[in-house]
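The values are calculated or read from the model by the stated rules, or taken from the named source; none is laboratory data. Keep in mind that what you see is a predicted model, and the values were worked out from it rather than measured. Cβ sites come from the backbone with ideal geometry, for glycine too, and all protein chains shown count toward neighbours.
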Amino acid sequence: MSPEILAVLGIPLAGGAVLALFGHWKRAAEINIAFSSATFVAAAALVVRVVDRGPFASFENQLFVDALNVFLVALTAFVAMTTSIFSRPYMRIEQEHGKLTVARLRLYHSMYQLFSFTMLLVLLSNNLGVTWVATEAATLTTVLLVSLYRTPASLEAAWKYFILCGVGIAQALFGTILVYLAAGKVLGSGMDALLWTELAQVRGSLEPTVMSIAFVFLLVGYGTKVGLVPLHNWLPDAHAEGPTPVSAVLSGLLLNVALYALVRFKVLADGALGAEFASRLLMGFGILSVAVAAFFLSRQRDIKRMFAYSSIEHMGLITFAFGIGSPVAAFAGLLHMTVHSLTKSAIFFAVGHAAQKTGTQVMEDIRGLVKVSPTVGWGLILGTVAILGMPPFGVFASEFLILTTAMREQPWATPILLVSLGVAFAAVFGKVQPMVFGETTAKRLPHPPALVPVFLHLALALMLGLYIPPYLASWYREAARLIG
Amino acid sequence: MISWSGVVAQVTELALAVLLAPLLTGWVNQCRAWLQNKSGPGLLRPYRTIRKLFAKDAVIATNASAVFRTAPYVVFACMLVAAAIVPTLATDLPFSIAADAIALVGIFALARVFISLAAMDVGTAFGSLGARREMMIGFLAEPALLMVLFTASLISQSTSLATTVERLARMEFAIFPSLAFAGVAFTMVSLAENARIPVDNPATHLELTMIHEAMVLEYSARHLALIEWAASLKLFVYSCIGISIFFPFGISQGGDPLGFAYALPALVFKLAVGGALLAVIETVSAKMRIFRAPEFLGTAFMLAVLALLIHALLET
Amino acid sequence: MITAAFANQIINLFAAVMLLLAFAMLAQRRVLSLIDLFAMQGLVLTLSTGFVAYTTGQTHLWFSAGITFALKVVLLPWILYRLIRQLDVKWDVEGLINIPTTMLIGIVLVILSFNVALPISQIAGTITKGTLGIALASVLLAFLMMITRSKAVPQVIGFLAMENGLFFAATAATYGMPMVVELGIALDVLVGVVILGVFFFQIRERFDSLDIRHLEKLKEE
């Protein structure tokens, strides 16, 4: 029994229950922040413990922590906390604009905590079946968040999100059943045959045919959730139509979490099949996502939609990196996961404020943000520069690593990646630049919005670009070793 | 090798079919009447109708060609051949080598073509209309029937009906989901092929709905008698196919007379039950619009294909 | 005690009925009949799970049979019936593709899933050859139903039928997943249906109809 794990999972779960009861209070947003912060503190304690004593399992081996997931737990708890801080003033203004009622805010706060809970459960679960259940639950908790505004477009987005992810995730369950079938041959039926730690030990003797088919189903299933092309259809809509804090956590966290589940299965598939099979699939899907998303970027008019496509692009890149499979590539993939989470959620915060100030998400109608509100403007342009892979931000470091590894190990992919990244750069920068520096007649805002989370995230991303603390680096290396 | 007992079985069977067929039709009609709280025309009514028709003078349209005159004989002969190859009492039928299950479908098709040609021959509107509808139904029903027979053939590894039935009867008890599906499909096809409700109504002369009756409107006297008789025979043959494939128990397999004595009452009993069931189906269901018939038969085809698939995938 | 061969035949029978019901759903036009078919599928699942529990002596399967019965034969159909009555939806299901074509695609899907499942079934000792294929086929057929229907309720029934297929796969191929997982899945399904119910009201409030063709505005320009 580990108190840290209990706290990491228990606090958001309790938060969901408390906010379901008291979410209509005036101070609900503060309660939300409190719970998210407490979760982050617990996650930090968990990190300390893992650094101290190494990986361990808990709750009769149902939950476990190792280098790979503890880093994602910390990241998830951190971004969930900053997003809750961002969401307090943001949602209040939405309410003042009459877009939300108190009852819906209650739903929002409660679901926000439950969503954090499900993501953390996916990360911490050792039982692959529970991983699936939690992933599905993560979809369920966010469906009503996406449709929070009840506009026709948001209802459509939520419906698409539910149906597509539901169908996709059903394929993942079939894959999980097949893995269980394969494991049953080795471990006997029963709970052990679904525990990742057990499976990882016997992964060499899992039936290859079953595992190959299982992995295809799992890739389709979790890949839908990651937003890999061509399974990505729900993603831009859900991001564009939901409230901005939800877009931020969807992009920054949920996609990571789904990819994490996929990576766990990749390790098993590699053990059973050799590295070739899963690698090729991941690289194929990854590079397709990068290329397709990059070309869709230039066609967007809605700013949140555009950054949603940018998320698809980056998820593709990370998937590709994991597909390469070498430790350096895995290291780069993990680093990219981190900086993408930080940067993308920062961008969504800035975009949320920009859209709220101008009352539109159409990029052509947003102009001269620097003049209206310097913090929002600079936050957006810095975030954009960071996500596009400009030095000195962390995205540059990870993309550079991925590209150089690709040049060495998969040279065929390099031109595709370079062209896609170039196209993405031109498209996004070309659109964001006039939004920030263009001419506007709007007056400067009297009160600059509080954008602490944006600059906090960007500062962290900047730090990771310039200097990765040695313990963090060794931690990434450890996690990369687990994957490779 | 043609055995004497085989020849005896063959002859008895054929005679039985020809003689009993109108009785089966009468039984179905009687049951239907009972179910609808009517007194009914009596079991022997079809015999009386046939006798009455044979005693009359035939009236033939002036522009009728030879096809019109020969069609009743061809149709009747087709049904005779069909009756001869379907095992009802025993499975060692010398004649069964003449045609297998696929040829059986062909024989039914031949009869259909002739009666449709005859219907169009005189050039009345009803005749053409009936012929067109009959061809539509046939074109949908035949593939389904073929699939049903294929399923049975796959299970027994032979397309000869006699061999199929023999193997099915001898097989030890096992659950064949495929046969169950095929059975349902076969029932649906039989309803359509024999012009029963819900596809056609044998008792109607309403031009919007009739199919079979529309084709034979121009016939009279002995021609009509033959056609009616052939229709009875067709119903009888279809019932026997169903019975012998799906409920073959009790059929005699060798030339032994005891088995024969046992098979006859068994057959009569099964036919009586089958006829009663047909009457029930006809009573509880409503006639479909003609445009729904393709869907009905499509479903039958689906079921038959499913049966085939399930057999190929589950039971091998 | 029954022989293994006979037990296999019974499981095959259940599998065949599952497949038949999947096709029947594909062909069904009326929403209420669709719910009935879904309940029947649930019943077949319950029976097959119970049967596997009986033959293998795995006690937790009795529980999962019980859950299946409570959830899929009683609770979910009841919720769906209520939803339909409260929403006052039109009874006819409109398809985007006509039914015979859908059926033909369905047959192709069945063959496809058998081919996918074949290598697995050959190794797996627990199952008779075709059940995994049939389970996968039911999943794909339900998927097809979701694609070809334009109304919200049939899509949801398709979604649930898909889960039925998965459950059948789990029972037939692996004698059921561990209890925790099955409970979790059941919970997810239940919560999913409740959320969808809420969602239906939202959609109808906004569009005055449950036709998803209203929900096709968001597209790439």
A:Leu155 meets each of (1) free of Cβ contacts under 8 Å to residues at least 12 places away in the same chain; (2) within 24 Å of A:Met283 (Cα to Cα); (3) among the hydrophobic types (A, V, I, L, M, F, W, C) with one exception, condition (2)
Of (1) modelled with pLDDT under 80; (2) in contact with a helix residue (DSSP H, G or I) (Cβ under 7 Å, 6 or more places away or on another chain); (3) charged (D, E, K, R), B:Lys234 fails just (1)
*Go through the residues of segment A:220-241 one by one and say whether even a single one is hydroxyl-bearing (Ser, Thr, Tyr), touching a His at 6+ places or on another chain (Cβ under 7 Å) and either outside any helix (DSSP H, G or I) or in contact (Cβ under 8 Å) with a residue 24 or more places away in the chain (or both).*
no
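Select from segment A:193-218 the residues that are over 29 Å from the mean Cα position of the chain (by Cα) and either touching a residue at least 12 places away in the same chain (Cβ under 8 Å) or within 20 Å of A:Ala134 (Cβ to Cβ) (or both) and list them in ascending order.
Here is the first cut: in segment A:193-218, the residues over 29 Å from the mean Cα position of the chain (by Cα) are A:202, A:204-210.
If the condition is that a residue be over 29 Å from the mean Cα position of the chain (by Cα) and either touching a residue at least 12 places away in the same chain (Cβ under 8 Å) or within 20 Å of A:Ala134 (Cβ to Cβ) (or both), then A:Val202, A:Gly204, A:Ser205, A:Leu206, A:Glu207, A:Pro208, A:Val210 are the ones that fit.
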For A:Glu276, the lone unmet condition from (1) more than 19 Å from A:Ala308 (Cβ to Cβ); (2) at pLDDT 90 or above is (2)
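Looking at A:Leu464, A:Leu472, can you tell me which residue is in a helix (DSSP H, G or I) and either of a type in the set (Val, Ile, Thr) or under 26 Å from A:Leu268 (Cα atoms) (or both)? Explain how you work it out, then say what you get.
Numbers: A:Leu464 fails: either of a type in the set (Val, Ile, Thr) or under 26 Å from A:Leu268 (Cα atoms) (or both).
Of the residues listed, the single one that is in a helix (DSSP H, G or I) and either of a type in the set (Val, Ile, Thr) or under 26 Å from A:Leu268 (Cα atoms) (or both) is A:Leu472.
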Counting only residues in segment B:62-88 that are surrounded by 14 or more Cβ atoms within 10 Å (Cβ to Cβ) and not in a helix (DSSP H, G or I), the one farthest from the chain's Cα centre (by Cα) is identified as B:Ala64
A:Leu155 fails exactly one of (1) more than 7 Å from chain C (Cβ to nearest Cβ); (2) touching a Phe, Trp or Tyr at 6+ places or on another chain (Cβ under 9 Å), namely (1)
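Quick grid of which residues meet (1) more than 12 Å from the chain's Cα centre (by Cα); (2) surrounded by fewer than 23 Cβ atoms within 10 Å (Cβ to Cβ); (3) within 14 Å of chain C (Cβ to nearest Cβ):
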| position | (1), (2), (3) |
| --- | --- |
| A:Val220 | yes, yes, yes |
| A:His232 | yes, no, yes |
| A:Asp237 | yes, no, yes |
| A:Ser251 | no, no, no |
| A:Leu259 | no, no, no |
| A:Leu262 | yes, no, no |
| A:Lys266 | yes, no, no |
Matching residues in segment B:175-220 (within 14 Å of chain C (Cβ to nearest Cβ) and in a loop (DSSP other than H, G, I, E, B)) number 2
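I'm trying to understand the selection: among the residues of segment A:434-484, which are without any contact (Cβ under 8 Å) to a residue 40 or more places away in the chain and not aromatic (Phe, Trp, Tyr)?
In the first step, residues of segment A:434-484 are kept if they are without any contact (Cβ under 8 Å) to a residue 40 or more places away in the chain; the result is A:441, A:446-447, A:459, A:467, A:469-470, A:472-474.
Within segment A:434-484, A:Thr441, A:Pro446, A:His447, A:Ala459, A:Pro469, A:Pro470, A:Leu472, A:Ala473, A:Ser474 meet the criteria.
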Condition set in contact (Cβ under 8 Å) with a residue 40 or more places away in the chain, in a helix (DSSP H, G or I) and out of contact with any Gly (no Cβ under 6 Å at 6 or more places or on another chain), scope segment C:24-35, selection farthest from C:Leu87 (Cα to Cα): answer is C:Ala27
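Only one of B:Ala293, B:Ala261, B:Ala304 is more than 14 Å from every other protein chain (Cβ to nearest Cβ) and among the small types (Gly, Ala, Ser). Can you tell me which?
On the way: B:Ala293 fails: more than 14 Å from every other protein chain (Cβ to nearest Cβ); B:Ala304 fails: more than 14 Å from every other protein chain (Cβ to nearest Cβ).
Residue meeting the stated conditions: B:Ala261.
A quick yes/no check of all residues on (1) more than 10 Å from every other protein chain (Cβ to nearest Cβ); (2) surrounded by fewer than 22 Cβ atoms within 10 Å (Cβ to Cβ); (3) in contact (Cβ under 8 Å) with a residue 12 or more places away in the chain:
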| site | (1), (2), (3) |
| --- | --- |
| C:Asn98 | no, yes, no |
| C:Ile123 | no, yes, no |
| C:Ser138 | yes, no, yes |
| C:Ala142 | no, no, yes |
| C:Arg149 | yes, no, yes |
| C:Met177 | no, no, no |
| C:Val181 | no, no, no |
| C:Ala186 | no, yes, yes |
| C:Gly197 | yes, yes, yes |
Taking first residues from segment A:368-389 that are farther than 15 Å from A:Ile303 by Cα and second residues anywhere that are in a helix (DSSP H, G or I) and polar (S, T, N, Q), the pairs with Cβ under 8 Å that are 6 or more apart or on different chains are A:Val372/A:Thr358; A:Ala386/A:Thr343
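The rows are residues; the columns are (1) more than 24 Å from B:Val8 (Cα to Cα); (2) in contact (Cβ under 8 Å) with a residue 60 or more places away in the chain; (3) surrounded by 23 or more Cβ atoms within 10 Å (Cβ to Cβ); (4) under 21 Å from the mean Cα position of the chain (by Cα).
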residue	(1), (2), (3), (4)
B:Ala221	yes, yes, no, no
B:Leu264	no, yes, no, yes
B:Ala276	yes, yes, no, yes
B:Ala279	yes, yes, no, yes
B:Leu306	yes, yes, yes, no
Note on C:Gly133: of the conditions (1) surrounded by 24 or more Cβ atoms within 10 Å (Cβ to Cβ); (2) facing another protein chain (nearest Cβ under 7 Å); (3) farther than 19 Å from B:Val305 by Cα, unmet is (3)
Reported set for segment A:163-191 where residues are more than 7 Å from chain C (Cβ to nearest Cβ) and either under 19 Å from C:His214 (Cα atoms) or touching a Pro at 6+ places or on another chain (Cβ under 6 Å) (or both) is A:Leu164
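Residues in segment C:151-161 that are of a type in the set (Gly, Ala, Ser) and either free of Cβ contacts under 8 Å to residues at least 40 places away in the same chain or more than 8 Å from every other protein chain (Cβ to nearest Cβ) (or both): how many?
In the first step, residues of segment C:151-161 are kept if they are of a type in the set (Gly, Ala, Ser); the result is C:152, C:158, C:161.
If we keep only those that are either free of Cβ contacts under 8 Å to residues at least 40 places away in the same chain or more than 8 Å from every other protein chain (Cβ to nearest Cβ) (or both) too, we end up with C:158, C:161.
Number satisfying all stated conditions: 2.
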Margin query: Looking at segment B:189-206, can you tell me whether even one residue there is modelled with pLDDT of 80 or more, touching an Asp or Glu at 6+ places or on another chain (Cβ under 7 Å) and surrounded by 23 or more Cβ atoms within 10 Å (Cβ to Cβ)?
Written below: no
Kindly check whether there is at least one residue in segment A:297-307 that is among the basic types (Lys, Arg), closer than 21 Å to A:Ala346 by Cβ and in a helix (DSSP H, G or I).
yes
Here, helices (runs of 4 or more DSSP H) confined to segment C:56-155 with at least 2 residues that are modelled with pLDDT under 85 and more than 26 Å from A:Cys165 (Cα to Cα) are C:59-68, C:76-87, C:99-123
Given (1) facing chain A (nearest Cβ under 7 Å); (2) touching a residue at least 40 places away in the same chain (Cβ under 8 Å); (3) closer than 27 Å to A:Leu121 by Cβ, C:Ile203 misses just (3)
Of (1) touching a residue at least 40 places away in the same chain (Cβ under 8 Å); (2) at the interface with chain C (Cβ under 8 Å from one of its Cβ atoms); (3) of a type in the set (A, V, I, L, M), A:Val133 satisfies every one except (1)
Within segment B:95-136, restricting to residues that are of a type in the set (D, E, K, R) and in a helix (DSSP H, G or I), the one that is surrounded by the fewest Cβ atoms within 10 Å (Cβ to Cβ) is B:Arg132
